[in-house]
Amino acid sequence: MSRYIEFVECGFKNIFRYGANWTVFKFNSGLTNVFGKNGIGKSTILEALHYCLFGESYRGLTLAKLINRSNKKNFEIYLIIKIVSNGKEVTYKILRGLDPKIEQLYILGDPKPIDINGRFNKYIIDNLLGFDANINKKVISVNPKNNSFTTMSLDERRKVIDSIVNLS
């Protein structure tokens, strides 16, 4: 079974130092490398992605620390992902927010959210992603030296993959 997930777009408002206007980050197809000076917002993108997918902070911050301090309302994050499985492609929009608590999943183009019975996080993990927050952290932050996965030695890459699939 061939399957892959592609991030298309992430938007957020009222997270960290970002205010009430939407900030939108569009991903190019393929591998994305985010780099820049300290304080420019690299970690914000990572936090927004992780929060939208799993409903928790990537670095273990409380929700109160994620929300913009001067404008504490209308915290919202969305993520558009394309999932290709056995040649079939479906694009989804995941939306999370606080005012009121928002947890919605859409097939892109359909105005009505998917009716989810049960826990939202479990549905996202089981039906869309196929992996949980811990595996996501291992893939994103694979090396204490902050090198990208592709620049690691073969032994380092094997250790990461082994840890993901729980091999020893």
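Assuming R0 = 25 Å, what is the FRET efficiency of Tyr18 and Ile116, from their Cβ-Cβ distance, to the nearest 0.05?
The formula returns an efficiency of 0.35 here.
Grab every C-alpha pair in the range 25-132, bin the distances at 5 angstrom width from 0 up to the longest one, and report whole percents.
Going from the shortest bin to the longest, the percentages are 2, 10, 18, 24, 20, 14, 8, 2, 1, 0.
Through the Karplus equation 6.51 cos²θ - 1.76 cosθ + 1.60, θ set to phi - 60°, convert the phi angles of the range 113-121 into ³J(HN,Hα) values in whole Hz; use x for Gly and Pro.
Listing the rounded values in order: x, 5, 7, 10, 8, x, 6, 4, 4 Hz.
Once you have the Cα-Cα distance between Arg3 and Lys101, take 0.36 nm times their residue separation minus that, and quote the gain in nm to one decimal. Walk me through the intermediate numbers first.
Numbers: separation 98, 0.36 × 98 = 35.28 nm, distance 3.12 nm.
That pair, Arg3 and Lys101, stretches by 32.2 nm at full extension.
Multiplying the sequence separation of Asp155 and Val34 by 0.36 nm and subtracting their Cα-Cα distance, what value in nm do you get?
Using 0.36 nm per residue and subtracting the Cα-Cα distance, I get 41.1 nm.
How charged is the neighbourhood of Glu103? Take every other residue with its Cβ under 11 Å from the Cβ of Glu103, and add Lys/Arg as +1 and Asp/Glu as -1.
+3
Determine the sum of side-chain charges near Tyr78: Lys and Arg each +1, Asp and Glu each -1, restricted to other residues whose C-beta is under 10 angstrom from that of Tyr78.
Local charge sum for Tyr78: +1.
Note the full-extension length gain between Asp132 and Leu63 as 0.36 nm times their separation in residues minus their Cα-Cα distance, in nm to one decimal.
Length gained between Asp132 and Leu63: 22.9 nm.
Here, each number is a calculation from the coordinates, and none is a lab measurement. The structure displayed is predicted, hence computed values, not measured ones. Ideal geometry is used to build each Cβ from the backbone, glycine not excepted, and the neighbour counts take in all protein chains shown.
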